[in-house]
Amino acid sequence: MGKHWADFQYEIYLNGMTGAVPRLPTDLTRLEQLTEQRLGPGPVGYVAGSAGDGSTARANRAALQRRRIVPRMLRDVHERDLSVEVLGRSLPAPMALAPVGVLSIMHPDAEIAAARAAAAQGVPFTLSSASSTPMEQVAEAMGDAERWFQLYWAKDPEVARSFLGRAKASGFSVLVVTLDTPMLAWRPRDLDQAYLPFLHGVGTANYFTDPAFRAGLAKPVHEDPNAAVMHFVGMFSDPAKTWPDLAFLREHWDGPIVLKGILHPDDARAAADAGMDGVVVSNHGGRQVAGSIGAADALPRVVEAVGDRLTVLFDSGIRTGDDIFKALALGAKAALVGRPYAYGLGLDGQAGVEHVIRCLLAELDLTLALSGHAGPTTVGPTDLIEESA
Ligand SMILES: Cc1cc2nc3c(=O)[nH]c(=O)nc-3n(C[C@H](O)[C@H](O)[C@H](O)COP(=O)(O)O)c2cc1C
């Protein structure tokens with residue numbers, strides 16, 4: 001028998017006997033508005049904002065909401081187990097924290113708090129290349145807990161190679177390579193405030209501590225921080241990359257490699273042909289291409305194309321436990337969660353992130369049970385119907 005995540009609800013009700021109520025809402029769709037009220041406009045705009053007029057972020061929500069669960073009855077859901085095998089790793093539930101950069105704009109404890117929360121709940125933490133804390137410090141805070149590293153594939157191969165070596169040495173098991181951000185998108189909420197944390201040296205910690213990056217600077221970072229920032233801007237990503245370049249990653253990373261930002265089935269096939277282990281069907285939470293397909297609409301076609309060859313993961317738009325159920329039903333092996341945990345961090349530090357993880361998994365556990373499933377592996381397309389758009 002696995003852990004019954006649903007028991008979190010009894011914990012809340014029992015604590016209520018002493019008059020205590022949860023510090024944050026248990027309906028996680030309310031976190032965005034609370035964050036808007038409590039945090040500064042720059043950081044909130046950066047986290048909540050999307051590309052263009054926000055149409056892709058709305059499409060992500062619509063694609064999930066349009067799909068409705070059809071619960072089944074009398075199926076013995078007394079004992080449940082949410083654990084799954086993903087990319088050769090045993091996870092307690094089909095969920096991981098997505099890579100979210102510059103978390104220090106949300107809370108001074110930043111990635112350390114989020115990573116500790118993930119470790120405390122046994123959920124993988126994916127560290128962004130653009131974190132505000134160097135990867136070695138995050139690793140140290142996590143002990144033996146499961147951690148994945150997200151690569152922004154630097155233009156300078158020596159820097160990319162150095163990042164991979166450091167991540168490996170720091171115990172990151174899965175490499176998540178983000179392909180959808182060869183350049184920053186048109187993001188009006190940031191543009192209107194002229195807010196870009198990287199220009200202030202926030203979110204550059206992995207670069208500024210990197211020997212290969214520093215070798216490209218005329219002066220040490222502290223002597224000329226502006227030059228260091230400009231060096232970062234010129235190299236953090238490389239729009240000239242093409243599919244054959246993936247061989248470089250295979251050569252320098254011996255663990256699982258997952259390509260993040262895949263939406264087209266042909267790209268998923270190309271990932272399989274290139275010897276990758278998985279893909280994350282994702283549109284970066286609607287932050288890159290406005291007017292793009294909702295991620296959950298892209299998911300079934302990718303699963304159909306490569307589900308038997310690759311591990312298909314999903315993100316973009318997950319806000320609740322039933323959203324995770326729907327992603328599983330559409331063929332994802334696990335879901336990544338982005339903004340909800342960033343809001344939890346901003347509102348209540350490590351405890352806020354743990355709250356978000358526990359709410360999501362309690363709600364997923366209950367949704368599974370109340371829909372007739374004792375675990376994630378029996379969920380499939382017949383558990384959903386799609387309402388007409
Ligand atoms: C503030 C913010 C920063 C992000 N930074 C990164 C990043 O550094 N690397 C990356 O691959 N994805 C990044 N993402 C995208 C997330 O990994 C994920 O794809 C997205 O948040 C999922 O959508 P959701 O926010 O609707 O859950 C970021 C997202 C947000 C909201």
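The values are calculated or read from the model by the stated rules, or taken from the named source; none is laboratory data. Because the structure is a prediction, the values reported are computed rather than measured. When we count neighbours, we look across all protein chains shown, and the Cβ atoms used for this are built from the backbone with ideal geometry, even at glycine.
If I filter the range 25-37 for residues that are among the β-branched types (Val, Ile, Thr), modelled with pLDDT of 95 or more and within 24 Å of Ala298 (Cβ to Cβ), do I get at least one hit? Steps first, answer last, please.
The first filter runs over the range 25-37 and keeps only residues among the β-branched types (Val, Ile, Thr), leaving 26, 29, 35.
Filter once more, so that each one left must be modelled with pLDDT of 95 or more: 26, 29, 35.
Next, only the ones that are within 24 Å of Ala298 (Cβ to Cβ) stay: 29.
Scanning the range 25-37, I find at least one residue that is among the β-branched types (Val, Ile, Thr), modelled with pLDDT of 95 or more and within 24 Å of Ala298 (Cβ to Cβ), so the answer is yes.
Anything in the range 63-114 that is acidic (Asp, Glu) and either over 19 Å from Asp348 (Cα atoms) or touching a residue at least 40 places away in the same chain (Cβ under 8 Å) (or both)? List them, or say none. Show your work before the answer.
In the first step, residues of the range 63-114 are kept if they are acidic (Asp, Glu); the result is 76, 79, 81, 85, 109, 111.
Passing the criteria: Asp76, Glu79, Asp81, Glu85, Asp109.
Could you grab me the full set of residues in the range 223-237 that are assigned to a loop (DSSP other than H, G, I, E, B) and either exposed (fewer than 13 other Cβ atoms within 10 Å of the Cβ) or modelled with pLDDT of 95 or more (or both)?
The initial filter retains those residues of the range 223-237 that are assigned to a loop (DSSP other than H, G, I, E, B), namely 223-224, 236-237.
Once the filter is applied, which keeps residues that are assigned to a loop (DSSP other than H, G, I, E, B) and either exposed (fewer than 13 other Cβ atoms within 10 Å of the Cβ) or modelled with pLDDT of 95 or more (or both), the range 223-237 yields Glu223, Asp224.
Would a scan of the range 2-17 turn up a residue that is over 30 Å from Pro134 (Cα atoms), within 16 Å of the ligand (Cβ to nearest atom) and not in a strand (DSSP E or B)?
no
Mind counting the residues in the range 166-202 that are over 25 Å from Leu263 (Cβ atoms), surrounded by 17 or more Cβ atoms within 10 Å (Cβ to Cβ) and among the small types (Gly, Ala, Ser)?
Qualifying residue count, the range 166-202: 4.
Would you check which residues across the range 95-104 are of a type outside the set (Val, Ile, Thr) and within 14 Å of Thr126 (Cα to Cα) and list them?
Of everything in the range 95-104, those that are of a type outside the set (Val, Ile, Thr) and within 14 Å of Thr126 (Cα to Cα) turn out to be Met95, Ala96, Leu97, Ala98, Pro99, Gly101, Leu103.
Please work out if Ala120 is crowded, with 24+ Cβ neighbours inside 10 Å, more than 30 Å from Ser388 (Cα to Cα), aliphatic (A, V, I, L, M) and in contact (Cβ under 8 Å) with a residue 40 or more places away in the chain. Please lay out each step first, then the result.
Details: crowded, with 24+ Cβ neighbours inside 10 Å: no; more than 30 Å from Ser388 (Cα to Cα): yes; aliphatic (A, V, I, L, M): yes; in contact (Cβ under 8 Å) with a residue 40 or more places away in the chain: yes.
Judged against the criteria, Ala120 is not a match.
Output yes when any residue across the range 93-101 is away from the ligand (no atom under 16 Å from the Cβ) and among the β-branched types (Val, Ile, Thr), and no when none is.
No, the range 93-101 has no match at all.
Checking the conditions here, which among Ala57, Ala51, Ala6 is at pLDDT 95 or above and either more than 20 Å from Tyr343 (Cα to Cα) or surrounded by fewer than 19 Cβ atoms within 10 Å (Cβ to Cβ) (or both)?
Step by step, each of Ala57, Ala51, Ala6 is checked, and only Ala6 is at pLDDT 95 or above and either more than 20 Å from Tyr343 (Cα to Cα) or surrounded by fewer than 19 Cβ atoms within 10 Å (Cβ to Cβ) (or both).
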